[in-house]
Amino acid sequence: MTRYNKITVVGAGLVGSLLSIYLAKKGHKVSVFEKRSDMRKGGAIAGRSINLALSDRGWRGLARVGIADDIKKIAIPMYGRYIHLANGTIDYQPYGTAEQAIYSVSRSSINMRLMDLAEAQPNVQLHFDKTCTNIDKKNTTLNFTNLNGITETVASDFIFGADGAYSAVRTQLQLHSDRFNYNQYYIDCGYKELCIPVKADGTHMLEKNALHIWPRGQFMLIALPNIDGSFTCTLFLQLDGNTSFDALNSKEKIQTFFKTQFPDAFEIMPTLIHDFETNPTSSLVTVKCTPWVFNNNIALIGDAAHAIVPFYGQGMNCGFEDCVVLNELIEKHGLNAACLQEYETLRKPDGDAIADLAIANFIEMRDKTADKNFILQKKIEAKISTKYPKLWTPLYTMVTYSPEIRYSEALQRGQKQQQIMDKILMLDNIHQNWDSDLVEQKILEFLN
Ligand code: FAD
């Protein structure tokens, strides 16, 4: 298998750092160029806490290069959702079986750890403060500009654009390619990171091993645990309108909003007003594009290829899975045209599927987690899937815990199961009879 000396990865984010480890382990020499400064040396980005949920697809991506145990040390398992209902009660919804969990990790911690692990490879070099500004597709060269405005040109055998949702590599390719399809879609909701601090005794203020959700119809607050005892909260809210970030434009309004909508959270958020006024409000975008591969030696990966909204907690997991698939194809073909073409053929439908699932889960988390029929559906599905695991796997389980099922297949099977559930939930007295043999027989009948 040919080993290349000049592989360039643009972006030392989550996916670029992991990809460089995969490529290095195949014997290639990899240079990673990152526009930001090295976050391991401190600074604003390293200090800001943003949490991500890492699940089985992501773990598989880490395990295949032997670094899952390293990352486990900085991750907290979350076994279910704590739904903080508007009436003040809490409903616990397990994510799956007792052992199934998703893991809360701090974005900066995992990114820094991945950079360390990449740099520990003798054939990976990370270059910081280098912004990709141009690509010459024909000659496979890139321009990087440093903080002093000096531009260098880097020649490459292969280029991987792992530079995130607003990828410069993708933009360059879009500008210089015929028939580049591009779709960018913003939802009307944005987000802001907030904080629940650690208790005085060093423990967590809320149940530690759970993802907390305060669903309120058009908006919601979530909280993920940190290893230092704090929680990172994210408020998802309309950007404009009556109840929106735009409307929360004074200390009094912020306070009243939280006191009324999330009273239990408000009590344990002493820095709320400061955090709200200081932290940015960010928008949420879905990006679909095609092709992902150019000239058989340039490819997009991670968010650069498929940015999705965060409501399935799958963006990073999907990017890590891209690395797994690419690695398997390198083993099959070598790193060459056939490998990259098959990578795009396999992954594009999965990128599209998880983008659609993520939008659908936005509605589910925001509107439905508190809905009586939704809660009943989860109970029925849990019963049927336990009894007939070969016939029924809940959609969430397929997406989150079943890396052997492609996202595109999960989407299709999930749609079929939802049609059956819609009919079941229409049955007379279903809230009383859901556990009956009759309902079970009906489901089996529909499945056949
Ligand atoms: P990034 O992490 O964005 O990394 C891209 C890198 O490229 C950055 O370091 C950037 O500085 C660099 N770069 C950009 N432009 C250039 C340039 N011109 N030159 C050089 N370098 C450049 N995913 C999950 O799996 N689970 C979750 O729970 C989850 N929660 C999320 C919550 C929120 C609010 C958001 C916004 C996203 C969430 N995601 C989650 C998605 C996840 O953050 C992304 O999918 C993931 O970060 C993608 O990794 P990446 O390496 O492709 O891109």
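The values are calculated or read from the model by the stated rules, or taken from the named source; none is laboratory data. If you're wondering where the values come from, they're calculated on a predicted model, not measured in any experiment. Reconstructed Cβ throughout: ideal geometry from the backbone, glycine too, with neighbour counts over all protein chains shown. What goes into the accessible areas is simple: the full protein's heavy atoms, side chains included, and nothing from ligands, DNA or RNA. Shrake-Rupley method; radii C 1.70, N 1.55, O 1.52, S 1.80 Å.
Okay, here's what the table says:
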| read-out | value |
| --- | --- |
| Residue check for Arg40: under 19 Å from Asn226 (Cα atoms) and either assigned to a helix (DSSP H, G or I) or more than 16 Å from the ligand (Cβ to nearest atom) (or both) | yes |
| Pairs, first closer than 13 Å to Cys323 by Cα in the stretch 1-28, second more than 16 Å from the ligand (Cβ to nearest atom) and of a type in the set (A, V, I, L, M), C-beta under 7 Å, six or more apart | Lys26/Ile330 |
| Residue match in the stretch 335-342 (condition: touching a residue at least 12 places away in the same chain (Cβ under 8 Å), open to solvent by 40 Å² or more (accessible area, probe 1.4 Å), under 18 Å from Asn51 (Cα atoms) and under 24 Å from the mean Cα position of the chain (by Cα)) | no |
| Given (1) assigned to a loop (DSSP other than H, G, I, E, B); (2) in contact with a strand residue (DSSP E or B) (Cβ under 6 Å, 6 or more places away or on another chain); (3) open to solvent by 40 Å² or more (accessible area, probe 1.4 Å), index of the condition Ile308 fails | (3) |
| Residue match in the stretch 58-78 (condition: within 12 Å of the ligand (Cβ to nearest atom), outside any helix (DSSP H, G or I), open to solvent by less than 20 Å² (accessible area, probe 1.4 Å) and under 23 Å from Leu300 (Cβ atoms)) | no |
| The one condition in (1) of a type outside the set (A, V, I, L, M, F, W, C); (2) in contact with a Leu (Cβ under 8 Å, 6 or more places away or on another chain); (3) under 24 Å from Thr345 (Cβ atoms) that Gln412 fails to fulfil | (2) |
| Scan of the stretch 195-214 for residues that are outside any loop (DSSP other than H, G, I, E, B) and in contact with a His (Cβ under 8 Å, 6 or more places away or on another chain), ordered by number | His212, Ile213, Trp214 |
| Filtered residues of the stretch 248-268 (kept if out of contact with any helix residue (DSSP H, G or I) (no Cβ under 7 Å at 6 or more places or on another chain), surrounded by 14 or more Cβ atoms within 10 Å (Cβ to Cβ) and assigned to a loop (DSSP other than H, G, I, E, B)) | Phe262, Ile268 |
| Evaluation of Ser282 against (1) out of contact with any His (no Cβ under 7 Å at 6 or more places or on another chain); (2) away from the ligand (no atom under 16 Å from the Cβ) (one fails), failing number | (2) |
| Failed condition for Phe362, given (1) closer than 26 Å to Gln184 by Cα; (2) over 23 Å from the mean Cα position of the chain (by Cα); (3) among the aromatic types (Phe, Trp, Tyr) | (2) |
| All positions within the stretch 1-30 that are within 16 Å of the ligand (Cβ to nearest atom) and assigned to a loop (DSSP other than H, G, I, E, B) | Gly11, Ala12, Gly13 |
| Tally of residues being within 14 Å of the ligand (Cβ to nearest atom), of a type in the set (A, V, I, L, M, F, W, C) and without any contact (Cβ under 8 Å) to a residue 40 or more places away in the chain across the stretch 148-192 | 1 |
| Lone unmet requirement of (1) within 16 Å of the ligand (Cβ to nearest atom); (2) touching a Leu at 6+ places or on another chain (Cβ under 7 Å) for Lys288 | (2) |
| Candidate set: the stretch 89-147, residues that are part of a helix (DSSP H, G or I) and open to solvent by 30 Å² or more (accessible area, probe 1.4 Å); chosen: the one nearest to the ligand (Cβ to nearest atom) | Arg107 |
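Conditions tested, residue by residue: (1) open to solvent by less than 10 Å² (accessible area, probe 1.4 Å); (2) touching a Ser or Thr at 6+ places or on another chain (Cβ under 9 Å); (3) on the phi < 0 side of the Ramachandran plot; (4) within 14 Å of the ligand (Cβ to nearest atom).
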residue	(1), (2), (3), (4)
Gly313	no, yes, no, yes
Cys318	yes, no, yes, yes
Glu321	yes, no, yes, yes
Glu331	no, no, yes, no
Arg347	yes, no, yes, yes
Ala358	yes, yes, yes, yes
